[in-house]
Amino acid sequence: MNSSLNAARRRWELDEARTDVVDVLVVGLGATGAGAALDAASRGLSVAAVDAHDLAFGTSRWSSKLIHGGLRYLASGQVGVAWESAVERDALLRFTAPHLVAAHPYLLPLTPDVARGQAATLMAGYRLGDALRAAAGTPRRLLPGPSRLAAGRALTLAPSLRADGLRGALLSWDGRVVDDARLVVALARTAAAHGARILTRCRALALTRDGARVRDELTGDEFDIRARAVINATGVWAGELTPSVALRPSRGTHLVLRPGALGALRAGLHVPIPGERARFALVLPQADGRVYAGLTDEPLGGPIPDVPEAPESDVTFLLEVVGTALDRPLSRADVAGAFAGLRPLVGTADAVDAPASPDGRTADLSRRHAVLRSPDGVVTVVGGKLTTYRRMAEDAVDAACPHARPSRTARLPLVGAGPVRPGTPGRLARRYGSEAWAVRDLMRADPALAEPVALGITRAELVWAVRHEGALDAGDLLDRRTRIGLVPEDRAAALPAAEAALAYS
Ligand SMILES: Cc1cc2nc3c(=O)[nH]c(=O)nc-3n(C[C@H](O)[C@H](O)[C@H](O)COP(=O)(O)OP(=O)(O)OC[C@H]3O[C@@H](n4cnc5c(N)ncnc54)[C@H](O)[C@@H]3O)c2cc1C
């Protein structure tokens with residue numbers, strides 16, 4: 001079946017979903033829900049999957065984009081979580097999304113704040129992480145091992161580091177996805193290629209063991225989708241549909257720094273947080289030239305917003321911490337934008353082994369996922385992380401459909417994972433993989449579509465997103481199919497091009 005998602009397909013599949021009974025209804029189309037739709041559809045089950053907004057509307061687009069090997073979980077004794085992360089990273093790097101996920105280098109600068117003993121412990125940790133890599137079967141060619149660099153070499157990779165007192169740096173490697181929202185789009189399209197009905201702008205109002213009451217957010221129509229099993233994959237919002245699921249959301253903020261704010265940065269940075277022994281701020285250079293700096297971890301009380309805001313206190317904190325490692329402090333003028341996401345941390349002892357820490361710090365809560373069956377028979381899958389979406393999806397489908405055949409997704413390539421044609425520009429190859437030629441063909445057929453909109457993104461990519469990636473409005477195009485919208489002035493400048501692209505549906 002075709003993997004293309006667009007307004008016309010949504011219309012006809014919505015009509016079918018009103019009358020058919022499907023094997024599985026998945027609610028929520030972040031990485032977990034899109035992964036569950038793919039897992040179920042590729043086992044031969046009939047699937048409908050709904051999201052109240054858009055693909056990747058929730059936490060999945062606000063991550064640091066790391067495909068972690070799980071080193072930090074080892075440090076806190078969570079060996080099972082660490083192993084699962086290393087195995088899932090291997091699957092993404094080698095089999096399922098080699099076009100979207102690649103190794104990225106990180107430097108931990110050995111500043112006077114990092115004692116020699118601490119540096120030795122950190123290096124031992126990196127070596128342990130490298131052993132996990134090897135045990136998971138990931139070749140060094142795809143993920144190099146750690147090493148110690150002299151100060152001069154560290155400064156060539158990160159010229160903005162403060163040279164004064166720099167003893168060198170620890171170099172480590174981990175996986176990174178080019179864009180978390182693109183991973184979700186690839187999952188949803190691959191699920192669609194296996195026959196799943198992917199229905200955005202459809203809000204589940206109430207769940208039962210045999211389906212959901214759903215509202216089409218474009219028309220206001222309410223109807224039922226009937227299903228033999230229901231999976232709630234609504235992340236941080238899961239408790240709104242299944243009240244027995246208790247979560248302790250935690251806000252994580254990233255800054256978007258202007259290209260060049262940290263010079264010609266060729267590696268990410270782990271910047272020690274003053275006063276904390278094993279916690280680091282992250283500096284993450286992006287392929288589009290922007291640099292993200294994160295990451296806070298603050299418990300969030302009260303109602304859960306659709307789009308969380310990054311408070312000024314988080315911005316100031318991050319500027320200060322990152323500035324400690326640089327030769328010139330960062331200022332508010334270096335910040336082009338900021339974004340925040342809510343971690344759906346599982347916080348009840350009865351749900352999973354995630355006891356609340358005595359001081360209530362969410363940073364100490366387990367990143368393990370939970371699959372919970374509520375009294376009404378709905379299966380909720382929550383917690384975990386982007387890296388382990390596939391395992392979460394498999395566990396959820398196993399629980400919801402115990403008689404289904406085994407999961408196939410560990411080796412199932414996502415759309416775009418095939419060979420890239422020679423001569424394909426690197427930027428397109430990293431975002432579209434084997435489909436890059438088709439995006440290029442759009443530009444060749446109509447040179448006006450080769451015009452750049454922002455960050456090197458062309459009008460053709462917007463048209464491609466409308467025709468094949470399920471973008472229904474300008475927000476989908478600017479905020480999720482591309483990330484132009486992370487910087488408000490870039491978004492405003494690109495809005496007319498996005499609106500024009502919608503006419504190509
Ligand atoms: C700041 C931050 C940084 C992170 N960095 C990393 C990282 O680098 N690497 C990593 O592996 N993990 C990371 N994580 C964790 C990871 O991002 C999340 O665990 C993961 O994205 C959660 O995905 P999800 O699909 O479960 O939830 P979501 O992505 O939130 O998806 C839930 C979906 O449900 C939909 N929904 C809600 N209510 C309804 C309803 N009633 N009807 C229909 N749909 C509904 C929402 O619109 C949303 O699209 C990070 C998390 C945060 C917050």
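The values are calculated or read from the model by the stated rules, or taken from the named source; none is laboratory data. Computed from a prediction, not measured in an experiment: that's the story for all the values here. Glycine gets a Cβ as well: all are built from the backbone with ideal geometry, and neighbour counts include every protein chain shown. With ligands, DNA and RNA removed, areas are computed over all heavy atoms of the protein, side chains included. Shrake-Rupley method; radii C 1.70, N 1.55, O 1.52, S 1.80 Å.
Brief remarks on what is shown
- Surface per residue (accessible, 1.4 Å probe) for segment 52-127, Å²: 34
- Karplus (6.51, -1.76, 1.60) ³J(HN,Hα), θ = phi - 60°, over segment 63-69, in Hz, Gly and Pro reported as x: 7, 7, 6, 7, 9, 6, x
- Per residue, segment 405-452 exposes 56 Å² of solvent-accessible protein surface, assessed with a 1.4 angstrom probe and all protein chains in place.
- Remark: segment 71-85, residue by residue, has Karplus-estimated 3J(HN,Hα) of 4, 5, 6, 4, 4, 9, x, 8, 5, x, 5, 4, 5, 4, 5 Hz, where x stands for each Gly or Pro and the curve is 6.51 cos²θ - 1.76 cosθ + 1.60 at θ = phi - 60°.
- Rolling a 1.4 Å probe over the protein heavy atoms of the chain, with every protein chain left in place, gives an accessible area that is 54 percent carbon and sulfur.
- Modelled label reach - Asp306, point 7 Å along Cα→Cβ, segment 210-251 residues with backbone N closer than 12 Å: 217-218
- Measuring between their Cα centroids, segment 1-79 and segment 404-454 lie 20 Å from each other.
- Packing rank of 280-288, 487-495, 320-328, 111-119, where each peptide gets the mean count of other beta carbons within 10 Å, highest leading: 280-288, 320-328, 487-495, 111-119
- Size of segment 1-67 from its Cα atoms: along the principal axes, largest to smallest, the extents are 40, 26, 21 Å.
- Extension gain from Leu205 to Ala246, taking 0.36 nm per residue of separation minus the Cα-Cα distance: 12.9 nm
- In order through segment 179-191: 3J(HN,Hα) via Karplus (6.51 cos²θ - 1.76 cosθ + 1.60), integer Hz, x for Gly, Pro: 7, 4, 5, 5, 4, 5, 4, 5, 5, 5, 5, 5, 4
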